[in-house]
Amino acid sequence: MSRIATRFAKLKAENRAGLVTFIMAGDPDRATSQSLLDGLPAAGADVIELGMPFTDPMADGPAIQLAGQRALAAGGTLRQTLEMVAEFRKRDAETPIILMGYYNPIYAWGAETFAADAAGAGVDGLIIVDLPPEEAQELVPHLRAVGMDFIVLTTPTSDDARLPVVLANASGFVYYVSIAGITGTASATGSAIEEAVARIRRHTDLPICVGFGIKTPDQAAQIARVAEGAVVGSAIVSALADNARPLELVAALAAGVRGARI
């Protein structure tokens with residue numbers, strides 16, 4: 001099995017959800033970002049999303065936009081992002097890493113070549129925010145060829161008619177974006193999330209992870225009771241920007257997730 005499938009199988013056997021953490025590669029510089037990436041598993045991250053710095057992050061809120069700007073200003077590139085994953089893999093062969101970002105840099109690299117290079121570095125999957133399901137076939141076959149997952153985004157507007165189209169190419173897990181908006185802003189109500197997760201489950205057997213607007217251990221625990229994973233990004237990125245010990249925040253979030261079903 002892939003690292004992602006193996007990790008979610010392990011979580012299921014432990015009867016708990018996972019903590020999925022997001023950081024921006026190269027923020028605020030390569031060395032600091034690498035140290036944070038390397039420290040995430042020990043702090044409690046079960047799955048890691050690593051942002052690919054991009055000049056036009058249309059789906060991201062201020063915290064992640066600023067993180068991307070800091071990374072780019074420090075010389076961050078997509079190649080450096082793959083180098084960071086390869087460095088991480090020297091010490092951790094088990095924690096899944098998913099690259100999250102936008103399609104333009106991958107298109108410029110060449111989809112087939114990038115898929116091979118990313119897999120070679122130790123990447124397990126991609127979340128491409130601006131690649132609609134109708135266009136996914138220009139990337140997905142290349143990912144499948146090298147054993148990488150394509151994690152799709154679903155939203156509150158993904159109804160029963162739309163979900164089969166969105167989920168057609170999905171593997172690894174499904175990322176439910178719990179609000180209609182940008183990252184790190186509002187938070188959805190618990191009842192709305194529970195209803196949405198139930199709706200998605202009617203269309204897939206893949207694990208479901210919920211993100212956008214989760215900032216506290218209590219919020220993460222609430223998600224962990226109804227889904228297979230809680231995704232936290234902006235809060236961690238903001239803690240790094242504020243010199244507020246992001247790994248301590250990750251540990252607190254992990255404790256919330258791990259204790260949610262006890």
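For Gly18, the residues 5 or more places off, or on other chains, whose built amide H falls under 5 Å of its own are Gly229, Ala230. Cα gyration tensor of region 89-140, axes a ≥ b ≥ c as square roots of the eigenvalues: rounded (a/c below 1.5), prolate (a/b > b/c) or oblate? The shape class here is prolate. In loop segments of region 196-253 as defined by DSSP, the trypsin sites (Lys or Arg not before Pro) with at most 16 further C-beta atoms inside 10 Å of their C-beta are Arg202, Arg225. Of the labelled options (1) 136; (2) 110; (3) 119, which one gives volume of the Cα convex hull per residue in Å³ as computed for this structure? Structure-derived value, by its label: (2). Sorted on the mean count of surrounding Cβ atoms within 10 Å across their residues, most packed first, peptides 248-257, 21-30 read 21-30, 248-257. Along the axis of the charge dipole computed for region 53-170 (Cβ charges of +1 for Lys and Arg, -1 for Asp and Glu, origin at the Cα centre), the listed residues Val129, Leu82, Met148 are led at the positive end by Leu82. Each residue, Thr216 and Ser191, gets one label point 7 Å from its Cα in the Cβ direction; the gap between the two is 2.0 nm.
The HN-Hα couplings worked out from phi for region 245-251 by the Karplus form 6.51 cos²θ - 1.76 cosθ + 1.60 (θ = phi - 60°) are 6, x, 5, 5, 5, 4, 4 Hz, whole numbers, x standing for Gly and Pro. Computed from phi, the 3J(HN,Hα) profile of region 9-21 under the Karplus parametrisation 6.51, -1.76, 1.60 (θ = phi - 60°) reads 5, 5, 4, 4, 5, 8, 6, 8, 8, x, 9, 9, 10 Hz, with x in place of Gly and Pro. Working from Cα pairs under 8 Å separated by at least six residues, relative contact order for region 3-258 is 23 percent. Amide H contacts of Gly61: Thr183, each under 5 Å away and 5 or more positions distant or on a separate chain (H built 1.01 Å from N in the peptide plane; Pro and chain starts excluded). Taking every Cα-Cα distance in region 23-143 and sorting them into 10 Å bins from zero, the calculated P(r) comes out as 14, 47, 34, 5 percent.
For a straight C-alpha distance cut-off of 19 angstrom, the aspartates and glutamates reachable from Lys90 (same-chain residues fewer than eight places away being disregarded) are Asp38, Asp46, Glu49, Asp117, Asp124.
Pairs of alpha-carbon atoms within less than 8 angstrom and 6+ residues apart define the contacts here; what relative contact order does region 187-262 have, in percent? Contact order relative to length: 31 percent.
Would you mind telling me the antiparallel percentage of the DSSP bridges in the chain, rounded to 5? If I count the DSSP bridges inside the chain, around 0 percent turn out antiparallel.
Where a number appears in this text, it was derived from the coordinates with a stated rule and is not lab data. Owing to the predicted nature of the structure, the values given are computational and were not obtained by experimental measurement. Here Cβ is always computed from backbone atoms with ideal geometry, including for glycine, and neighbour counts include all displayed protein chains.
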